[in-house]
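In what follows, a structure is listed as structure tokens, so that the remarks can point back to it.
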Amino acid sequence: MEVWFIRHGVTKHNMDRVWQGQRDVPLAPAGREQARRLAARLERLGLTWTALYASDLSRADETARILGARLGLAVQQDRRLREVCVGQLSGLSRPEVEKRYGEYLQSTREDPWLTRFPGGETLAELSERVWSFVRELGGGRYLVVSHGGAIRAALLRVLESRDAVPWRIRLENTSITRLHFPNGAAAEGFVNSVGDAAHLEPGFSLE
């Protein structure tokens, strides 16, 4: 079983460095262009896909629909693929969070997995949510369009690591993170690639 996690295309909140969480922010025009580039890249690979899944938030769903239109795949939504709920941080910039929630930031530096976003989830809860989705997949090769936090949680679950700081893993919008499970998700998994965004390089052609 292979799971190709795709981070959604860029949004205005991403560009403005504003916390999104589960706020339903649409793709920016640049995000649609990123998705078209990724779709062209995936089509050239000539691979067979078992299914295409996406978070039900519009930025992930629209990214998936752009991919599906080029690859001939229908999009199946799953709420478990949503971004972590950041609660009261949604819509705030980093300086605003530092001013209002300094105690939270200190706590998350000490324990990023079990510190709860104010009014939201913990990363441990996010990990359980995303992993419940992965465990239900059968054999095959899947495209899964989700969010930065959710993909990092899945990646670190495979690596069996809670010591790493998730936000140190850089995932560009529409980047590919490939996970491989030779004997299914109930057994050990392997990381094939992280944050692969070659289709965003200047020399990449849509033709």
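Any read-out appearing in this document is the output of simple, stated calculations on the displayed coordinates, not a laboratory observation. All figures in this text were calculated on a predicted structure; none of them were measured in a lab. Don't worry about glycine lacking a Cβ; one is built from the backbone with ideal geometry, like all the others, and counts go over all protein chains shown.
Give me Rg over Rh for the chain, both radii from the alpha carbons and Rh done the Kirkwood way, two decimal places.
Values: Rg = 16.6 Å, Rh = 17.3 Å.
Here the Rg-to-Rh quotient is 0.96.
Would you mind telling me the antiparallel percentage of the DSSP bridges in the chain, rounded to 5?
45
Between residue 16 and residue 48, what is the label-point separation in nm under the 7 Å Cα-to-beta-carbon projection?
Once both label points are built, they end up 4.6 nm from each other.
Tell me, what is a quarter of the convex hull surface for the C-alpha atoms of the stretch 124-207, in nm² with one decimal?
The number I arrive at for the stretch 124-207 is 6.4 nm².
Give me a comma-separated list of calculated 3J(HN,Hα) values for the stretch 148-160, in order, Karplus coefficients 6.51, -1.76, 1.60 applied at θ = phi - 60°, integers in Hz, x for any Gly or Pro.
Per-residue couplings from phi come out as x, x, 5, 5, 4, 4, 5, 4, 6, 5, 4, 7, 6 Hz.
Modelling each spin label as a point 7 Å along the Cα-to-Cβ direction, I'd like the residue 160/residue 132 distance in nm, to one decimal.
It is 2.4 nm.
Between the stretch 45-62 and the stretch 107-177, what is the C-alpha centre distance in whole Å?
17
Hey, quick one: spin label on residue 193, modelled 7 Å out along Cα-Cβ, who in the stretch 36-72 has an amide N within reach, i.e. under 11 Å?
Answer for the stretch 36-72: 41-42, 45.
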